[in-house]
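Data block below; observations after.
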Amino acid sequence: MGKTKAVRSGIERNLRLFAVGQLGWAILSGIISNWLVYYYMPSESMLSQGMKIFITQGVVFAGLTVIGVITACGRLLDGFIDPFIASKSDSCKSPLGRRIPFMRFAAVPFGLMTLVVFISPVDGESPVNNIALFVSLMLFYITLSLYCTPFNALIPELGRSQEDRINLSTYISVTYFIGTAMAYLVTAIDGLLEPALGAVWSFRATVGILALVAIICMLVPAFGIDEKTACGEAVPSSTPMGESVVRTFKNRDFQVFELSDVLYWVSITMFQTGLPYYITELMGFDDSMTFIFFALMTVVSLVFYAPVNVMAKRLGKKKLVVFAFFFFCVAFAVTSACGQFGIPAMVWGVLVAVLAAIPMAVLGILPQAVLADIAEADAIEAGEHREGMFYAARTFSMTLGQTLAMILFTSISTMGQTGYRATALVATAFCLVAAVVFARYREDRVLGTIAAAPAPGESGKKEGE
């Protein structure tokens, strides 16, 4: 009994340490996702407050902007480099494990490149800054992939039972939202530093402060988790990268998950990128209110975490995910109408925050757990652990969705307020299709495969019993 308690305590400790790492990279990812376009494509109100233009503005060709093309290239690079890093991680034979060596190596460069992205060599609009931003953003996505691909591959390895897997997904969802909320603090901290440093350098200093916090958080699991003890002696994969990619995408359940995930990331990225604009341009608030409304969204979402955790174990993940997609459609559609019909701006802000919070609770927790199920079922059927490749492929879907979202958002938003409203409607359409696609996921088959296999180290006993 005492030994069992000690084992459970050790598992819970590792899950929590792992979640701290999620907090770190969520801050860095959130800074780029939420503020890159806002910083390099400043609104008139930002320019009047002292912000400068550093890169070429407006549409340059085929309805595309410079910032849209650069961010698209960065995300596409991330998507294509992920399988390479996943393959190296899956086959890694380091005494520290297959994932931890990558995380230790990448944490500091990842944080530093987040800051470098916002530093331009020329103090004003210049093609040189276009090139500098392109290079720094490519390096940002390379370091992101070096940390996040091995990090995510630990999810099914640390969460060996259904209960642990849902708990871990809940923990990292909490820290993801806290990290994303911290990323929205940029303008609040920036406002405090601006009188001393000016509009540009106060923004950069703020990013630097948050990047330091993120680096510390990312190093916690990298040095706090003993991978060999926590995950067992997983046999490194011997499958070549190309073959591993093909096998991953041939998995029918993964195909459904991947397509719905791409559509989801298009919709949620358009919403998150547009949030500062919805709040300032449609509702008429100061940009510091972005953090207030996102914090409200986060707090309300956290209230639903415990119910989602319990309901997922009782009802299954599929029903809740489909419900969340449809509920997000409502939230996005309402966002498109912000600032109209004589309704006070504060009412719009609170309404959008509360409506978006509910599906965020579900989709913040369950997709990672669904993918862990698919990866484990595949390992049981194929007799080979390739978790890294599954999570690299998931990162590719996120990257592809975010790339398309950035291209769409930066092009559509050039129409001003009409464009901002249109971005919310486009997000609604993509999320609706995501719900229809995910409804085809065969959850019973996947969980049946897992239940039929002996749990690690428990001969004859089924996992989750």
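The values are calculated or read from the model by the stated rules, or taken from the named source; none is laboratory data. In this text the structure is predicted, and so the values were computed from the model without any measurement. Positions of Cβ are generated from backbone atoms using ideal geometry, with glycine treated the same way; all protein chains shown enter the neighbour counts. Please note that ligands, DNA and RNA were not included when accessible areas were found on the heavy atoms of the full protein model with its side chains. Shrake-Rupley method; radii C 1.70, N 1.55, O 1.52, S 1.80 Å.
For the peptides 82-90, 221-229, residues were scored by their other Cβ atoms within 10 Å and the scores averaged per peptide; the highest-first order is 82-90, 221-229. For the chain, adding -39500 (n - 2.57) for each run of n ≥ 4 DSSP H residues and dividing by the number of residues yields -27000 deg cm²/dmol at 222 nm.
Distance between the pseudo-spin-label points of Trp201 and Ser48 (7 Å out from Cα toward the beta carbon): 2.6 nm.
Here Lys319 is the anchor, and the aspartates and glutamates within straight C-alpha reach of less than 14 Å, apart from those fewer than 8 places off in the same chain, are Glu443, Asp444. Would you work out if the range 301-426 is rounded, prolate or oblate? Take a ≥ b ≥ c from the square roots of the eigenvalues of the alpha-carbon gyration tensor; rounded if a/c is under 1.5, else prolate when a/b is larger than b/c, oblate otherwise. Since a/c reaches 1.5 but b/c is at least a/b, the shape of the range 301-426 is classed as oblate.
Solvent-accessible area per residue in the chain equals 38 Å², computed with a 1.4 angstrom probe and all protein chains kept. The fraction of Cα-Cα pairs per 10 angstrom bin, counted from 0 for the range 83-147, comes to 22, 37, 24, 13, 4 percent, rounded to whole percents. Reported to the nearest whole Å, the Cα centre-to-centre distance from the range 199-229 to the range 284-349 is 27.
Between Val299 and Val128, the contour length at 0.36 nm per residue exceeds the alpha carbon distance by 57.4 nm. At an R0 of 35 angstrom, the distance between the Cβ atoms of Ala451 and Phe323 translates into a FRET efficiency of 0.90. For the range 86-197, with equal point scatterers placed on the C-alpha atoms only and solvent neglected, what are the log10 I(q)/I(0) values from the Debye formula at q = 0.17, 0.18, 0.20 1/Å, to two decimals? The computed values of log10 I(q)/I(0) come out as -1.01, -1.07, -1.17.
Note on the chain: with neighbouring protein chains present and a 1.4 Å probe, carbon and sulfur make up 69 percent of its accessible heavy-atom surface. Consider the candidate values [x] 25.3; [y] 24.0; [z] 21.5; state which one is mean projected area of the Cα convex hull in nm² computed from the structure displayed. So the calculated entry is the one marked [z]. Suppose R0 equals 60 Å; then what is the FRET efficiency for Ile209 and Ala439 from their Cβ-Cβ distance, rounded to the nearest 0.05? Efficiency, rounded to the nearest 0.05: 0.85.
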